[in-house]
Amino acid sequence: MTDHAHNPHHSKRWAILAVLGIAQLMVVLDSTVVNIALPSAQMDLGFSDANRQWVITAYTLAFGSLLLFGGRLADVFGRKHLLLAGLIGFSIASAVGGSAPNFEVLVIARAAQGLFGALLAPAALSTLTTTFTDPNERGKAFGIYGAIAGAGAALGLILGGVLTDYLSWRWCLYVNLVLAIPAAVAAVVLLVNQRPEGKPRLDLLGTVAVSIGLLGIVYGFANAASDGWTATVTLACLIGGLALIAIFVVIETRVSNPLLPMRVVLDRARGGAYLGLGLACVGMFGVFLFLTYYLQTTLAYSPVKTGFAFLPMVGGIMVMATTSTAILLPKVGARIPVVIGMLLSAGGMALLTQIGVEAAYVTHVLPGLVILGLGLGMLFATCFEVGTSGVEAHNAGVASAMANTTQQIGGSIGTALLSTIAATAVANYLADGLGDPAAAAVHSYSVAFWVSAAIFLGSAVVCGLLLPGGVHAREQTSAPAGS
């Protein structure tokens, strides 16, 4: 029987899960909700095609580069304080972005959203980690959280389509106020701030190294998508970013108060879970990016219809996420659900390669989406739980931040890699005189889906070798330091 005497959140744990779910949904939604609104925003504010990507990239850069720092701040100053700062800051940034009179204000607001999202995401996940300490309840809670994390991006497409079609692109930003303000009020009432005793100390040198390093890597991949892999800026950012990450690792092994204690990452189960999340995001971003284009440009779906076309995948994610952590993980351990999840995702992507210019949604898109949803739900929820298990409470924030960081890096790699591959496939197809531009575009999407399938297949092998087999005693996150 788990001792709940040191857990002030135990009696309110399910209500707290609802608040954390809203916070996570908001962060994940904003990675895709603006995508569908972009054409309308561009027409309204009059910015160029070349500048369009910055509305997305500004958010990704700030979010991805500051996550580890946000996670450590949550550990040092308390998760409740960081969660509230993230919710309130995100609300203000969303209000500014929604009322932006020009492109510059919109981009600054999106960067601010990313910054506050970097405070919010690890604070939410680490609060979940320290709130649910009973192994059985923990599985259910992480299943629900994993379902939100996995389905949020697809829900963002639906919401973006509905808001853009029926209200305005500005409501794709204003909607965050509807989510954040009630969540902040509930957090004030439900949460107790937990922080270590003694004077907080931050690893400033490590923070600067990893933040600039991650910024370089994320920007490098974003630049590769537009300017190519051999562009000077792309190579400089990627090489410089990797060098700074290497320096960061050296710093972390030598300082007394590391930003990221190496034991958090070097644990075989947690390391495998982080790698699984990152690899899954490399592969899955293809489905959102190219299937959205396919449905809108080839099948002539409206933004709303495009969003709802992803619902079967959302259903598959929710079903399997709640099942895998509550039932499979306690009985068979992490390796089997993650490997099966990767294989199902590979199968779903392979089915999507059969799309064509004249193809029907029900026969050529729906089966792949359902299978992909089942696979993503299984592996996301499992990796989230394993990646945040077995750490001391004073490291829960940074362990949670690692889970989010690997997702961001994976998404950046996937977007750049698959965009480049698709662009090359279009050029080759047209150069060979095989068909019109519409057929070339569909061919490029199929090629991208095949590459995604191969990524998932390779990831199944890597995660199968790295993750420990069988059921291991899942260490519970200790009581909050200083309690």
* Asked: Based on what the data block shows, is A448 farther than 30 Å from K80 by Cβ and modelled with pLDDT of 85 or more?
  -> yes
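Only helices (runs of 4 or more DSSP H) wholly contained in region 242-350 count here; list those with 3 or more residues that are in contact with a Cys (Cβ under 7 Å, 6 or more places away or on another chain).
Correct list: 268-293.
Being surrounded by 24 or more Cβ atoms within 10 Å (Cβ to Cβ), in the same structural domain as L29 (by TED's automatic domain parsing), hydrophobic (A, V, I, L, M, F, W, C) and under 28 Å from I371 (Cα atoms): is that true of L120 here? So that I can check it myself, show each step before the final result.
Working: surrounded by 24 or more Cβ atoms within 10 Å (Cβ to Cβ): yes; in the same structural domain as L29 (by TED's automatic domain parsing): yes; hydrophobic (A, V, I, L, M, F, W, C): yes; under 28 Å from I371 (Cα atoms): no.
Spelling it out, it is not the case that L120 is surrounded by 24 or more Cβ atoms within 10 Å (Cβ to Cβ), in the same structural domain as L29 (by TED's automatic domain parsing), hydrophobic (A, V, I, L, M, F, W, C) and under 28 Å from I371 (Cα atoms).
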* **Subset of region 318-355 that is β-branched (V, I, T) and in contact with a Phe, Trp or Tyr (Cβ under 7 Å, 6 or more places away or on another chain) - its residue that is nearest to G143 (Cα to Cα)** => T325
* To do: Please tell me if L87 is closer than 15 Å to A183 by Cα and surrounded by 21 or more Cβ atoms within 10 Å (Cβ to Cβ).
  => yes
* Quick one: which of T298, T292 is hydroxyl-bearing (S, T, Y), within 26 Å of A453 (Cα to Cα), under 22 Å from the mean Cα position of the chain (by Cα) and in the same structural domain as L311 (by TED's automatic domain parsing)? -> T292
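The values are calculated or read from the model by the stated rules, or taken from the named source; none is laboratory data. As the structure is a prediction and not an experimental result, all values here were calculated from the model. Glycine also receives a Cβ, built like all others from the backbone with ideal geometry; neighbour counts cover every protein chain displayed.
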